[in-house]
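Quick notes on the structure that follows.
The values are calculated or read from the model by the stated rules, or taken from the named source; none is laboratory data. Keep in mind that what you see is a predicted model, and the values were worked out from it rather than measured. Here Cβ is always computed from backbone atoms with ideal geometry, including for glycine, and neighbour counts include all displayed protein chains.
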Amino acid sequence: MHHALALISILAVWYRRDYRNWKIYYSTMQYIAIGNLTYNFLCASHWLWRLSPDIKWFNHSLLEMSYTFITFPLTALMFLSRYPEGQGKWRIFRHYAFWVGLYVVVEIILLLRGSILYKYGWSLLWSAAFDCLMFPFLRLHYKKPLLTLFISVPLTIFLVWLFNIPIHVPIEKR
């Protein structure tokens, strides 16, 4: 399923021709990738969620790299490429609802298949709440990248505190 998501992302970007906008949204594509890398670094050996491979020789790290460098950046590209600028609040709300809903539905499928496991208080509800923040942050980053970074740092610190991530403990001892 994880590999299918990466492939679907690639095909969707190609079919929709959103790849033509990659230069416009490149920094936001990097922002989402760096966000996932930050999670993997801070939560190393203390995962709030862990991906279970579909193919035996793929491990959690390789799957995370697939999400970090393919699925998440291409999702950001598609989300921003079709953002309904100037089309009214209802259309913008529907755009956000579609993407948050898509992420939640995919995660429900992953959860039912045993392809994602939650630990340390994380849950589907937390993922949905995070998605509700992530997509507005992608738009904000596109419009005001520095402001987004300044907001992202305290938010990350809050989440580290809330989920008691032992960043004071060396990774190999977690």
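Going residue by residue through segment 110-121, is there one that turns out to be in a helix (DSSP H, G or I), surrounded by 15 or more Cβ atoms within 10 Å (Cβ to Cβ) and modelled with pLDDT of 95 or more? Scanning segment 110-121 turns up at least one residue that is in a helix (DSSP H, G or I), surrounded by 15 or more Cβ atoms within 10 Å (Cβ to Cβ) and modelled with pLDDT of 95 or more. The lone criterion from (1) touching a residue at least 12 places away in the same chain (Cβ under 8 Å); (2) touching a helix residue (DSSP H, G or I) at 6+ places or on another chain (Cβ under 6 Å) left unmet by Leu140 is number (1). Of all residues in segment 105-116, none that is at negative phi has its Cβ atom under 6 Å from the Cβ atom of a residue that is part of a loop (DSSP other than H, G, I, E, B) and loosely packed, with under 13 Cβ neighbours inside 10 Å, 6 or more apart or on another chain.
Modelled with pLDDT under 95, buried (at least 16 other Cβ atoms within 10 Å of the Cβ) and closer than 23 Å to Leu162 by Cα: is that true of Glu107 in this structure?
No: the conditions fail for Glu107.
The set of residues in segment 146-160 that are free of Cβ contacts under 8 Å to residues at least 60 places away in the same chain and within 15 Å of Trp126 (Cα to Cα) comprises Leu155, Phe158, Leu159. Among the residues of segment 81-131, those that are within 17 Å of Met1 (Cα to Cα) and either within 15 Å of the chain's Cα centre (by Cα) or among the β-branched types (Val, Ile, Thr) (or both) comprise Leu102, Tyr103, Val104, Val105, Val106, Glu107, Ile108, Ile109, Leu110, Ile116.
Just the residues that are closer than 23 Å to Pro136 by Cα, loosely packed, with under 15 Cβ neighbours inside 10 Å and among the hydroxyl-bearing types (Ser, Thr, Tyr), please, taken from segment 60-93. Across segment 60-93, there are no qualifying residues.
Of all residues in segment 16-65, those that are free of Cβ contacts under 8 Å to residues at least 60 places away in the same chain, assigned to a helix (DSSP H, G or I) and among the β-branched types (Val, Ile, Thr) total 2.
The residue that is farthest from Thr156 (Cα to Cα), counting only those in segment 4-59 that are of a type in the set (Val, Ile, Thr) and buried (at least 18 other Cβ atoms within 10 Å of the Cβ), is Val13. Out of Phe130, Phe158, Phe137, I need the residue that is more than 28 Å from Glu85 (Cα to Cα) and modelled with pLDDT of 95 or more. Which one? Result: Phe158 is the single residue among Phe130, Phe158, Phe137 that is more than 28 Å from Glu85 (Cα to Cα) and modelled with pLDDT of 95 or more. What are the residues in segment 1-15 that are part of a helix (DSSP H, G or I) and over 15 Å from the mean Cα position of the chain (by Cα), if any? Passing the criteria: His3, Ala4, Leu7, Ile8, Ile10, Leu11, Ala12, Val13, Trp14, Tyr15.
Across segment 48-63, the number of residues qualifying as more than 15 Å from the chain's Cα centre (by Cα) and among the aromatic types (Phe, Trp, Tyr) comes to 2.
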